[in-house]
Amino acid sequence: MPLRLCESARSMATVTLDGVGKDHGKAQILGSLSFEIADGELLVLVGPSGCGKSTLLRCIAGLDELSRGRILVDGRDVTQAAPRDRDLAMVFQNYALYPHLTVRENLAFGLKMRKMPAAEIAQRVNDVALLLGLETLLERTPQKLSGGQCQRVAIGRALVRTPKAFLFDEPLSNLDAALRTQMRVELKRLHQRLGATMIYVTHDQVEAMTLADRIAVLRQGVLQQLGTPTELYERPNNLFVARFLGTPEINVVDGKELMQKQFMATLPDRAVKVGIRPESIHFVADGKPARVDLLEQLGWESLVHLDCDGVRLVARVSANAPTVGATVGFKIDDRALHYFDRDEKRL
Amino acid sequence: MKPSLAIRISIHALLLAACAITLYPVAWVVKTAVTPRQSFSPSPNPWPSTWSLSNFRDVLGTHQGATWLFGRQLLNSLLVSASVTIVGVVLACGAAYALSRFRFIGRDFSLRGFLLSQMFPGVVTAIPLYILLDHLQLLNSLAGLVLVYSTTAIPFCVFMLKGYFDSLPHELEEAVLLDGGTHFDAFFRVILPLSRPALAVTALFSFLTAWNEFILAATFMSRPASYTLPVAMQNYVGDFSTEWGHFAAGAVLVSLPVMLLFFALEKHLIGGLTEGAVKG
Ligand SMILES: Nc1ncnc2c1ncn2[C@@H]1O[C@H](COP(=O)(O)OP(=O)(O)O)[C@@H](O)[C@H]1O
Ligand SMILES: [Mg+2]
């Protein structure tokens, strides 16, 4: 195994955002973002399409200029530095491999630009090819590669340079579902192995949850919450984060309605909306009766759509799925409830 | 699924007919060229009844005093066309790239200006250009002709290349920037090599514009020694009689380099333009 690469890849760094903001004309794309990506951390930036994830990544890379704030790599202010002086590597959504160069030349390009001796280039290219399983593809051009192989080359092109940090912009979104899952695992493994600092952008919350050390949820250029996947799932700061993470989506019910229909006896002060995770609904014989509206069977678990007195809920149960049209008794796990105020903030 | 035999036969018949219609006048020119007379043959048969190279010998052998006129005119045509090609492609490359990738003051104005200059037929400018060239003492000079042709070639080349550059994803250059290169590296190492098909088309167009142009050359060039080939051919068409045999032989000779150029660039012209740069 290319141990050499793993060792040299440990030229890691922290990336610090200090009040980073970006405007396009009058439109504010990014508000004022301040957080730090720790040494060796895999931070996932997640949010719906158009929330400014790519813009933020491009700002960090130096491809877009900031309107406000500073960016520091390893404590050094790089706000004004050209992309090539930041020593970061980026993997683009469309891979952006050089179409006229072979895989080997694609991998070597960045090293040649940096005037590395030919022997070392060859060594590194071979190491990366070995690491990513590209040995047999080195003489091909990108046109003759599959989507997954292109993706690997794109990652290889970033790896070979052993940059301070890696930036990924939705790298898996052009792959089919099966390959996406496979590459996700490979990326996670790669990160564990190299322990490099990575910033990973995606709109896919499953990708975010499975890959991340920490997740930053972005909405219209404003940071909603930053924390580990578990923290975000169990204690979402607001309704947006609660809704964004988790499949199926969290059930959100009006607090008053729940009181009226006697789902619960008390409601905390100022609670307007109540969030109920699908897995915190349990079926019990003496529970509140509800009609089974629809059943989605996934094999190892089932999603049961319930209609209880006009309130629609989705429950996730592992076995003994009831039949459609049947009436079942259910109970909500009180401790798993999420209360939100009028501004959709967590109480 | 393969189309049925009947359909394939009719498609081929149609294509053959189209080729025949297109090539008929060409065959006729060839016939006139190899027939050792200076008159038209009234027969519709495009196949020559006699074969002779005398017309070619006459055209190739034109002399004015001690100078070999045809050779001189061929050289003129080649020099002018090659210069226009080089000037056109080199200048258009840089301009098109800047117009495609950067936003700067005067960008929209330049684009509109280029477009505007394409809207007038070249002849309209013949008289003002004549006066200009006269002032610059560039009448009867190849440099003057190169200058004039470049004004039509460059705008076209710029639009052609800009369209192509626009189709290349920005990420390619951004990848170079992150890989440690500069904008120059991105342009010379990635964008230009990728643009070979577009460059071939633009080069061919520039060459052809200059090679085939007649009216301006005839206006600005008054000495046979500074004629380009189209102007020289015109001289076989006289006021009272026309030497059709010589004219046809000259036409064939003039077309040869163009045909060679097409064959040489064929690989780039066909298919190359549609090749995508990024897998989607
Ligand atoms: N050059 C630009 N001019 C104006 N608005 C832009 C420009 N680039 C991006 N935007 C806007 O910025 C917002 C964020 O874009 P982007 O960062 O690409 O979102 P994401 O990657 O999260 O989908 C979008 O609303 C988009 O319309
Ligand atoms: Mg994006």
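The values are calculated or read from the model by the stated rules, or taken from the named source; none is laboratory data. Here the structure is a predicted model, which is why all the values come from computation and not from measurement. Note that we place each Cβ from the backbone using ideal geometry, even for glycine, and neighbour counts take in every protein chain shown. Ligands, DNA and RNA are stripped out before the accessible areas are found, and what is left, the full protein with its side chains, is counted by its heavy atoms. Shrake-Rupley method; radii C 1.70, N 1.55, O 1.52, S 1.80 Å.
Would you check if there is a residue in the stretch A:143-152 being open to solvent by less than 10 Å² (accessible area, probe 1.4 Å) and within 20 Å of residue B:178 (Cβ to Cβ)? Yes: the stretch A:143-152 contains one or more residues that are open to solvent by less than 10 Å² (accessible area, probe 1.4 Å) and within 20 Å of residue B:178 (Cβ to Cβ).
Contact annotation: residue pairs with Cβ atoms under 8 Å, 6 or more positions apart or on different chains, pairing a residue in the stretch B:248-261 that is assigned by TED's automatic domain parsing to the domain that holds residue B:77 with a partner that is of a type in the set (Gly, Ala, Ser) and crowded, with 16+ Cβ neighbours inside 10 Å, are B:248/B:33; B:249/B:33; B:250/B:232; B:251/B:33; B:252/B:33; B:254/B:77. Listed by position, the strands (runs of 3 or more DSSP E) inside the stretch A:56-175 whose residues that are away from every other protein chain (no Cβ under 13 Å) and within 16 Å of ligand 1 (Cβ to nearest atom) number at least 1 are A:68-73.
Determine which member of the set A:61, A:89 is within 14 Å of ligand 2 (Cβ to nearest atom), in the same structural domain as residue A:226 (by TED's automatic domain parsing) and in contact with a helix residue (DSSP H, G or I) (Cβ under 8 Å, 6 or more places away or on another chain). Can you show your working first?
Numbers: A:89 fails: within 14 Å of ligand 2 (Cβ to nearest atom).
Result: A:61 is the single residue among A:61, A:89 that is within 14 Å of ligand 2 (Cβ to nearest atom), in the same structural domain as residue A:226 (by TED's automatic domain parsing) and in contact with a helix residue (DSSP H, G or I) (Cβ under 8 Å, 6 or more places away or on another chain).
Checking each residue in the stretch A:209-238 for being more than 24 Å from residue A:28 (Cβ to Cβ) and open to solvent by 40 Å² or more (accessible area, probe 1.4 Å) picks out A:209, A:210, A:213, A:214, A:228, A:230, A:231, A:233, A:234, A:235. If only residues of the stretch B:46-87 that are among the small types (Gly, Ala, Ser) and under 30 Å from residue B:24 (Cα atoms) are counted, the one that is most open to solvent (accessible area, probe 1.4 Å) is B:49.
Residues in the stretch A:313-347 that are hydroxyl-bearing (Ser, Thr, Tyr), assigned to a strand (DSSP E or B) and either surrounded by fewer than 16 Cβ atoms within 10 Å (Cβ to Cβ) or out of contact with any Leu (no Cβ under 7 Å at 6 or more places or on another chain) (or both): A:327 alone. Scanning the stretch A:174-203 for residues that are within 16 Å of ligand 2 (Cβ to nearest atom) and open to solvent by 40 Å² or more (accessible area, probe 1.4 Å), we see that the one that is modelled with the lowest pLDDT is A:174.
Number of residues in the stretch A:312-342 that are of a type in the set (A, V, I, L, M, F, W, C) and over 27 Å from the mean Cα position of the chain (by Cα): the value is 7. Of the numbered criteria (1) open to solvent by 40 Å² or more (accessible area, probe 1.4 Å); (2) touching a His at 6+ places or on another chain (Cβ under 8 Å), the one residue A:298 fails is (2). Highlighted here are the helices (runs of 4 or more DSSP H) found entirely within the stretch B:80-181 that include at least 3 residues which are touching a strand residue (DSSP E or B) at 6+ places or on another chain (Cβ under 9 Å): B:170-178. When the criteria are applied in full, residue A:286 fails the requirement of being open to solvent by 20 Å² or more (accessible area, probe 1.4 Å) and part of a loop (DSSP other than H, G, I, E, B). Summed over the stretch A:241-283, residues that are surrounded by fewer than 16 Cβ atoms within 10 Å (Cβ to Cβ) and among the aromatic types (Phe, Trp, Tyr) total 0.
Could you list, in sequence order, the residues of the stretch A:27-83 that are among the hydroxyl-bearing types (Ser, Thr, Tyr) and under 28 Å from residue A:209 (Cα atoms)?
First pass over the stretch A:27-83, keeping only residues among the hydroxyl-bearing types (Ser, Thr, Tyr): A:32, A:34, A:49, A:54-55, A:67, A:79.
Passing the criteria: A:32, A:34, A:49, A:54, A:55.
The rows are residues; the columns are (1) at pLDDT 95 or above; (2) away from ligand 2 (no atom under 14 Å from the Cβ).
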{"residue": "A:22", "(1), (2)": "yes, no"}
{"residue": "A:37", "(1), (2)": "yes, yes"}
{"residue": "A:45", "(1), (2)": "yes, no"}
{"residue": "A:56", "(1), (2)": "yes, no"}
{"residue": "A:74", "(1), (2)": "no, yes"}
{"residue": "A:85", "(1), (2)": "no, yes"}
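Scanning the stretch A:186-215 for residues that are under 17 Å from residue A:36 (Cα atoms) and over 8 Å from the mean Cα position of the chain (by Cα) returns A:195, A:196, A:197, A:198, A:199, A:213, A:214. Contact map, the stretch A:303-332: residues that are on the phi > 0 side of the Ramachandran plot paired with residues that are among the small types (Gly, Ala, Ser), Cβ distance under 8 Å, separation 6+ or inter-chain. Pairs shown: A:309/A:290.
So is residue A:206 in contact (Cβ under 8 Å) with a residue 24 or more places away in the chain, within 16 Å of ligand 1 (Cβ to nearest atom), more than 14 Å from chain B (Cβ to nearest Cβ) and open to solvent by 40 Å² or more (accessible area, probe 1.4 Å) or not? Reasoning before the result, please.
Numbers: in contact (Cβ under 8 Å) with a residue 24 or more places away in the chain: yes; within 16 Å of ligand 1 (Cβ to nearest atom): no; more than 14 Å from chain B (Cβ to nearest Cβ): yes; open to solvent by 40 Å² or more (accessible area, probe 1.4 Å): yes.
Considered against the rule, which asks whether it is in contact (Cβ under 8 Å) with a residue 24 or more places away in the chain, within 16 Å of ligand 1 (Cβ to nearest atom), more than 14 Å from chain B (Cβ to nearest Cβ) and open to solvent by 40 Å² or more (accessible area, probe 1.4 Å), residue A:206 comes out as no.
Is at least one residue of the stretch A:118-131 closer than 19 Å to residue B:176 by Cβ, open to solvent by 30 Å² or more (accessible area, probe 1.4 Å) and assigned by TED's automatic domain parsing to the domain that holds residue A:74? Checking the stretch A:118-131: at least one residue is closer than 19 Å to residue B:176 by Cβ, open to solvent by 30 Å² or more (accessible area, probe 1.4 Å) and assigned by TED's automatic domain parsing to the domain that holds residue A:74.
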